[in-house]
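A short worksheet on the structure shown next.
The values are calculated or read from the model by the stated rules, or taken from the named source; none is laboratory data. Note that the structure is a prediction, hence the values are computed from the model and not measured. Here Cβ is always computed from backbone atoms with ideal geometry, including for glycine, and neighbour counts include all displayed protein chains.
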Amino acid sequence: MSGSLILASLWALAATGVALMPYRVQIAPGLMLLLAAPGVVGWIAVQHGTWVAALGLVGVLSMFRKPLWALMRRVGRKEGTR
């Protein structure tokens, strides 16, 4: 297994561990994982191509669907008040 896929597996295990934490504790580590995700997916794209990276992106979006949805609502609400 390549280094990028090993890192992606460790990222997924870390994200699962963070999801098991109480909400008030999981915000900082979850944000770190969310910021690291583009780098991991990008490395997968370099080593394995676009289709494998697309599967990795689907995995990231699946694991962070609720926080990303809440972030999109918050940003949309701020833009609507201008």
(request) Check Val41, Val25, Val18, Val52 and return the single one that is at pLDDT below 95 and surrounded by 14 or more Cβ atoms within 10 Å (Cβ to Cβ). (result) Val18
(request) Enumerate the pairs (first residue in the range 1-21 and touching a residue at least 12 places away in the same chain (Cβ under 8 Å) and over 15 Å from Lys66 (Cα atoms); second residue anywhere and among the β-branched types (Val, Ile, Thr) and surrounded by fewer than 16 Cβ atoms within 10 Å (Cβ to Cβ)) with beta-carbon separation below 8 Å, excluding pairs fewer than 6 apart on the same chain, so at least 6 apart or on different chains. (result) Ser4/Val46
